[in-house]
1. Filter the stretch 98-115 for residues that are of a type in the set (A, V, I, L, M) and closer than 11 Å to Phe50 by Cα and give the result.
2. Going by the conditions given, is Thr47 at pLDDT below 90 and either in contact with a Gly (Cβ under 9 Å, 6 or more places away or on another chain) or exposed (fewer than 14 other Cβ atoms within 10 Å of the Cβ) (or both)?
3. Is one or more of the residues making up the stretch 25-42 aromatic (Phe, Trp, Tyr) and loosely packed, with under 15 Cβ neighbours inside 10 Å?
4. Of all residues in the stretch 21-79 being among the hydroxyl-bearing types (Ser, Thr, Tyr) and over 11 Å from the mean Cα position of the chain (by Cα), which is nearest to Tyr109 (Cα to Cα)?
5. Taking the stated definitions as given, is Ala119 over 21 Å from the mean Cα position of the chain (by Cα), at pLDDT below 80, within 30 Å of Ser38 (Cα to Cα) and of a type in the set (A, V, I, L, M)?
Amino acid sequence: MDYSNLRHQAASMKKSLFDQGYLDEQFCQVEDLQDEASPNFAEEVVTLFFKDSARLMSNIEQALEKYAKDFNRWDTYMQQLKGSCSSCMRSFQEVKREHAVLRQKLEAYFQLLRQAGPAGAATRPAM
């Protein structure tokens, strides 16, 4: 298997994720925490993020559907969405779509990194 080609693909994918605004410097800081003892640390952090955020979005969605006018209940999950019910629902659906897109892109990135091997991680894209 051509690991250098896979590393190049991973670096290109990462740069694309930065260019599209899906990743920022904070992602690089998480990757910087990887070492030989935890070579997949960034992937583990992202996986936990998606698990927790999916649960939170489910809670928000349930609150929006069951308690359409109970703004105090919504406030528990998201303080900024106190507008009209229909516009909050549209905004929330957009957040869910973006969340799914980001998850798919990062899963593909981490899959490529796993294929590329340990040397394919933590290189900052030129900005």
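The values are calculated or read from the model by the stated rules, or taken from the named source; none is laboratory data. Predicted, not measured: the structure shown is a model, and the values here were computed from it. No Cβ is skipped: glycine too gets one built from the backbone with ideal geometry, and neighbour counts run over all protein chains shown.
1. Listed by number, the residues that qualify are Ala100, Leu102, Leu106.
2. no
3. The answer is no, given that none of the residues of the stretch 25-42 is aromatic (Phe, Trp, Tyr) and loosely packed, with under 15 Cβ neighbours inside 10 Å.
4. Step by step, filter the stretch 21-79, then rank; the result is Ser38.
5. Answer is yes for this residue.
Yes or no, residue by residue, for (1) small (Gly, Ala, Ser); (2) part of a helix (DSSP H, G or I):
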{"site": "Lys15", "(1), (2)": "no, yes"}
{"site": "Val30", "(1), (2)": "no, yes"}
{"site": "Ser38", "(1), (2)": "yes, no"}
{"site": "Ala42", "(1), (2)": "yes, yes"}
{"site": "Phe50", "(1), (2)": "no, yes"}
{"site": "Leu56", "(1), (2)": "no, yes"}
{"site": "Ile60", "(1), (2)": "no, yes"}
{"site": "Leu64", "(1), (2)": "no, yes"}
